[in-house]
1. Could you state the accessible area per residue of region 171-247 in Å², with a 1.4 Å probe and every protein chain left in place?
2. Which of the three applies to region 152-243, rounded, prolate or oblate, going by the alpha-carbon gyration tensor with a ≥ b ≥ c and a/c under 1.5 meaning rounded?
3. Between ALA128 and LYS145, what is the label-point separation in nm under the 7 Å Cα-to-beta-carbon projection?
4. Arranged from highest to lowest average of other beta-carbon atoms within 10 Å per residue, in what order do the peptides 176-185, 226-235, 135-144, 58-67 appear?
5. Taking all protein chains as present, what is the carbon and sulfur share of the accessible area of region 147-220, in % to the nearest whole number, probe 1.4 Å?
6. Once the dipole of region 69-193 is set up with Lys and Arg at +1 and Asp and Glu at -1 on Cβ about the Cα centre, which of ALA119, PRO183, THR169 lies farthest towards its positive end?
7. Note down the nm distance, to one decimal, between modelled labels 7 Å out along Cα→Cβ at ASP227 and at SER192.
8. Please list LYS220, LYS54 in order of solvent-accessible area, largest first, computed with a 1.4 Å probe with all protein chains present.
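The values are calculated or read from the model by the stated rules, or taken from the named source; none is laboratory data. Worth saying up front: this structure is predicted, and the values here are computed from it rather than measured. Every residue, glycine among them, receives a Cβ derived from its backbone with ideal geometry; neighbour counts consider all protein chains shown. Heavy atoms of the whole protein, side chains included, go into the accessibility calculation; ligands, DNA and RNA do not. Shrake-Rupley method; radii C 1.70, N 1.55, O 1.52, S 1.80 Å.
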Amino acid sequence: MAGEEDDSVNGVARLDDSGIPAWLHPATRHGGPDADDTLATSRALRRAMSITGKPRRAAVLVLFGGSADGGPGAPPADAEVLLTQRASTMRQHRGQVAFPGGAEDPGDDGPVGTALREAVEETGLDPAGVQPFATLPTLFVPPSKFDVTPVLAWWREPSDVRVVDQGETERVVRVPLSELLDPAHRFMVRGSLGYQSPAFQVDGMLVWGLTGGILAGVIKTAGWERDWDRGDVRDLESSLAAVGMTL
């Protein structure tokens with residue numbers, strides 16, 4: 001893609017980031033999502049153990065809205081993140097909170113094309129107002145055997161969003177970044193098999209797994225993180241039940 005610069009140190013591909021607000025630039029530095037966390041390592045190990053053929057490719061759109069105000073480490077008061085909640089009737093990942101995204105189609109222009117197309121299909125956003133500025137290293141999702149590429153983007157001109165297909169998505173939510181950064185909304189969750197994940201409880205939702213890990217990594221990398229209790233480890237099923245969700 002024109003304007004792409006490969007960062008060989010941390011695996012982050014920087015796209016055309018001209019005009020991106022200063023507060024978003026640090027999100028591409030010092031390593032990818034959860035670079036110093038066990039989540040990325042465990043996903044890589046599970047990929048090696050479970051893949052016998054070529055994995056399927058997918059991408060998610062990590063879309064940050066907000067004004068151009070603020071500097072490195074200081075996002076503006078109106079900063080937000082676009083999230084969706086999967087329909088409870090879906091076969092995989094039912095009811096889970098996620099970034100817009102999905103599997104690559106043959107006609108897609110790489111992960112950026114996949115992420116934008118899926119976001120339009122799921123939320124109805126206008127892609128003309130979205131400016132991708134980096135892709136992060138892929139992360140493996142064991143249940144679906146996808147290699148997922150997170151695409152970082154700035155919502156330069158926000159448009160109306162909504163649930164487009166109720167069979168796929170139950171909610172489309174613009175979550176204030178300040179709520180995700182609030183230490184009172186952060187903890188870890190542990191599944192019955194010992195899997196641990198960063199988690200956020202916001203707007204009646206539990207954000208965990210791949211989405212929670214990407215958010216935690218970007219927040220730390222960008223210098224937005226505030227001190228929170230990493231020793232607060234909660235049972236995953238109980239945490240989901242607290243917000244009316246199930247595995």
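1. Values: 3280 Å² over 77 residues.
Per-residue value: 43 Å².
2. On the way: a/c = 2.07, a/b = 1.26, b/c = 1.64.
In terms of gyration-tensor shape, oblate.
3. Inter-label distance under the simple model: 4.1 nm.
4. Numbers: 176-185: 16.2, 226-235: 11.5, 135-144: 19.5, 58-67: 23.6.
Result, highest mean first: 58-67, 135-144, 176-185, 226-235.
5. Values: 1280 of 2870 Å².
Ligands and nucleic acids excluded, carbon and sulfur give 45 percent.
6. The residue sitting most towards the positive pole is PRO183.
7. 3.8 nm
8. Numbers: LYS220 95, LYS54 180 Å².
Of LYS220, LYS54, the descending order of accessible area is LYS54, LYS220.
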